[in-house]
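Some notes on the structure that comes next.
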Amino acid sequence: MKSILLKIFSVLLLINITTLSFAQSDKPITGVTGTLTDNAGKPMDYATVSLIRLPDSTIVKGTLSNEAGRYNLKTIVPGNYLVKATSVGYDQAISQSFILSESHADFTVPVIVMHNASNSLSTVLITASKPLIEQKPDMTVLNVANSVLATGNTALEILARAPGVTLDQDDNISLRGKKGVTVMINDKLTYLSPAQLATLLKATDGTTIQSIEIITNPSAKYDASGSSGIINIKLKKNKQSGTNGSFTTGVGYGNSWKDNQTLTLNHKDGDLNVYGSFSHYDSKYDHNLVINRAVADSLGEKTYFNQLSSSPSTNHDNSYRVGADYDITSNNTAGFTMNGYFDNGHDDVASLTNIGSSPGEIDSYLNTLSRINNTYNNFALNLNDKLKLDTLGQSLAVDIDYSRFNNGQNAQHDTHYYELDGSGMSPPGFLRQQSPSVITIHTAKADYALPINNDLKLETGVKFSDVKTDNNLAAQQQMNGVYVNDSTLTNNFIYTEKIDAGYVNLSQTFKNTKVEVGLRGEYTSSTGDLINDNDVVKRNYFDLFPSLFVNHTVNDKNEVGFSYSRRIDRPDYDALNPFVYYLDQYTYSKGNPFLNPQYTNSFELSYTYNRIINVSFNYSHTSDLMTTVLLTDPVSEATYQTKINLQSENAYTLNVNAPFTISNWWSVNADVNGFYIEFKSDTLLGANYNKGKIAYQAKLMQTFQLAKGYKAELLSSYSSSLYDGIFLISSRYLSDAGISHSFAESRANIKLSMSDIFNTLKDHIVSDYQTNDIDVRQKLETRVTRLTFTYNFGNSKIKDLHHTSGADDLSGRVKGNN
């Protein structure tokens, strides 16, 4: 940790020197500019600023003030104007009128002071309403806080309903048909593996989420990981003075009962803002799996396996978050956040495997009963400080993070072997496995922003991360009634990874065009050490990640854009772990310590109409694509899952997102993705592999404003069949619906919803390549009816909406062994 802090302080010194040199330069002003403050002299950020033409009072332009309270309005036609500023909880403020002409095209409006609203709002609850799906120039935003479907659902369930997002049978997230998505929480990277990330999101109640941002082509200031883009989950933050909070409780039923509770508390008094939340979720879900496969031995003779598994999963999830922000001065805000989760659960797996020498013929069979107990614990601490260096937008932000994961799995596998007549074929096998793992993550970063003038902005920063994973696997086989250590299944794998990163980003605004160019550099040093086998894999590599964004406003209703970025996906920690995890004698999974990172170059053209309808075309090329495969061992005739690198992936994607207002009570949002993804490898399993398929995904979200206080939503989703590496995945579709009623002056809300109404969501996967002849069918418990009640309590008086805290979340490309 000392080395990280020394690096931060060295860079901060360099930034301060740079700041002094830039501060001496003049800042030319173009168009209409000005600054907003409150009556205490603090900047008013995110206030609505309108340019009004006189004498007809027509609104010509509009914008939001930035964090320094500054705004910039461009005008085209000379005339007589004034500026109006509005913000919730404040009286509107109006400037003196002024004249713009061709000879006097630049004007600086004197500072506008905004005062607290003169009428008391102590008994009024403000409920601003945003559209469910917002299209912005650089991202798509799902405003979860206003969604009926959000209440009572977990963050993972909400994410699956976001535009362009899909989840596979193992909760791996894809964006517009492509994997390699980076998930952030409150602008902070989560290094979590798919399994660990799913654990976190399942423990996060939807009522704690404000919005979900979907960024398909991120700039250089973001971490370079995430070949198909970034999903940023924004949690709710307290914006109200006084003490307030909310309580949510709900029950659900599919094939069994589920329940959830969430409590949030906030206190804001002057310069201090304290907040916290706790969520608890109990659930039991059924999981049925059928695997049919044909395995060829070394002589080419095939054995046919028909495996039927039922594995109900019982989980108890708890998550918490506590933090505070303090305005040390009007320009300096410091804060901290502690968050984490403690979860436990178990899977009871009953597996029947029929074995024969021809399809449909059974020569023998085996029964495996497994009890798998899982525990997941995480603690994360963030310290942050944000300094506004002047009133023009110059700022410096520093974050230091620490995370620790303690995961454990104890598994008992009992297998009995039978002849066709039911007689015992061989002695039963009894296997126990214990696999504790500890992951620690240290990160520190500093970000500096300097508006060189109103049209040119410099952003630069550094980030350092240090990760260590310590995984143990112990196994015992029963012999003569006594469990004896099995050295062939026992090992200790330690993985360390250090990443030093820095970036510079320049954005320039011309008359109707904004150009942003960036460059990020990352140096990675990693070591994977399989202790018992004395097998060490070391890697050291440096990469540059350029990015370019051009956005041109044709007129008030039409915008076009182009973007390019280069990105990387490093292997998840569990994917490098060579441990063997058994389902039964013929089915297991293991990692690949020789897995290489993948690199993606992505190009995108976009068109936006009226800031509502968005059409985009994306082409990306990925080299060394990491993909999951099922392989067979011709000696043991076992099938196992692992990850390997394919030579390349080419993806062509066309996306259309469009909202429709059918009537004043019925609105619709349609999101359609059409894509062609091609997978290539010259050496996959000893042959040339080249597969691709045209596919599409569509989501239709309908919102109904019914009688006063009533709101309903209907979501329909369809994904056509597609290739994922060597797997052909069949089509999937579902429909969700919900209705809510707000009452008690909008403080209380009750909601009834059902997911997967027609119980159609299921998985069918086929792999038929070389020695692979595998057919997998899976059905999870997806049709669940939920009843949820939420009550908002406490002071709702709004005094200060301009503060935004700088905290949050976790870390780790970790793995829960489930």
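The values are calculated or read from the model by the stated rules, or taken from the named source; none is laboratory data. Small disclaimer: the values here were computed from a predicted structure and weren't measured. Because the Cβ atoms are built from the backbone with ideal geometry, glycine has one as well, and the counts that use them run over all protein chains shown. Just the protein is used for accessible areas: all its heavy atoms, side chains included, with ligands, DNA and RNA removed. Shrake-Rupley method; radii C 1.70, N 1.55, O 1.52, S 1.80 Å.
Entry comment: accessible area of region 394-463 is 36 Å² per residue, from protein heavy atoms only and a probe of 1.4 Å. Applying 1/(1 + (r/R0)^6) with r as the Cβ-Cβ distance of ALA334 and LEU299 and R0 = 56 angstrom yields a FRET efficiency of 0.20. Between ASP138 and PHE542, the distance separating the two model label sites (each 7 Å from Cα on the Cα→Cβ line) works out to 2.7 nm. Cross-link partners for LYS557 among the lysines, with Cα-Cα distance under 21 Å and sequence neighbours closer than 8 places in the same chain left out: LYS61, LYS74, LYS130, LYS136, LYS511, LYS514.
What are the lysines whose alpha-carbon lies under 16 Å from the alpha-carbon of LYS284, with same-chain residues fewer than 8 places away excluded? By straight Cα distance, LYS284 reaches LYS202, LYS258, LYS779. Entry note, the chain: relative contact order of 13 percent, from Cα contacts under 8 Å with a spacing of 6+ residues. For region 672-774, a simple Cβ point-charge model (Lys and Arg +1, Asp and Glu -1, everything else neutral) yields a dipole of about 480 debye relative to the Cα centre. Rounded if a/c is under 1.5, else prolate if a/b beats b/c, else oblate: with a ≥ b ≥ c from the C-alpha gyration tensor eigenvalues square-rooted, which is region 495-547? Since a/c reaches 1.5 and a/b is larger than b/c, the shape of region 495-547 is classed as prolate.
Computed from backbone phi, the HN-Hα couplings of region 767-779 come to 10, 10, 8, 6, 7, 7, 9, 10, 10, 10, 10, 9, 9 Hz, rounded to whole numbers (Karplus: 6.51 cos²θ - 1.76 cosθ + 1.60, θ = phi - 60°; Gly and Pro given as x). Straight-line reach from LYS693: which lysines fall under 21 Å, measuring Cα to Cα and dropping same-chain residues less than 8 apart? Excluding near neighbours in sequence, the set is LYS178, LYS179, LYS680, LYS762. Other residues within the sphere of radius under 13 Å centred on the Cβ of SER279, judged by their own Cβ, net out at -2 (K and R +1, D and E -1).
Here the 3J(HN,Hα) profile of region 302-316, calculated from phi with Karplus coefficients 6.51, -1.76 and 1.60 at θ = phi - 60°, is 9, 10, 9, 10, 10, 10, 10, 10, 10, 9, x, 10, 10, 9, 10 Hz, Gly and Pro shown as x. The residues of region 567-673 expose, per residue, 40 Å² of accessible area to a 1.4 Å probe. Computed over protein heavy atoms with a 1.4 Å probe, the accessible surface of region 473-562 works out to 53 Å² per residue.
Ranked by the mean number of other Cβ atoms within 10 Å of their residues, highest first, the peptides 489-501, 212-224 come out as 212-224, 489-501.
Estimated from helical segments only, the mean residue ellipticity of the chain at 222 nm is -1500 deg cm²/dmol, where each DSSP H run of four or more residues counts as -39500 (n - 2.57).
Summing +1 for each Lys or Arg and -1 for each Asp or Glu among the other residues whose beta-carbon sits under 12 angstrom from that of ASN614 gives -3.
Sequence-ordered 3J(HN,Hα) estimates for region 376-393 from the Karplus curve with 6.51, -1.76 and 1.60 and θ = phi - 60° stand at 9, 10, 9, 9, 9, 10, 10, 10, 9, 8, 10, 10, 8, 7, 7, 8, 9, x Hz, glycine and proline given as x. Among 661-667, 586-592, 160-166, 609-615, sorting by the average number of other beta carbon atoms lying within 10 angstrom of each residue, highest first, gives 160-166, 586-592, 609-615, 661-667.
Between TYR253 and THR771, the FRET efficiency estimated from the beta carbon spacing at R0 = 51 angstrom works out to 0.70. Between helix 2-23 and the chain, what is the angle of the helix's C-alpha long axis to the longest principal axis, kept within 0 to 90° and rounded to the nearest 10? Between the helix axis and the principal axis of the chain, the angle is about 30 degrees. Peptides 678-687, 460-469, 344-353 ordered by packing proxy, namely the average of other Cβ atoms within 10 Å per residue, highest first: 460-469, 344-353, 678-687. Within the accessible area of the chain, the carbon and sulfur atoms contribute 57%, probe 1.4 Å, all protein chains present. Net charge of the neighbourhood of THR587, taken over other residues with C-beta under 12 Å away and scored Lys/Arg +1, Asp/Glu -1, is -1.
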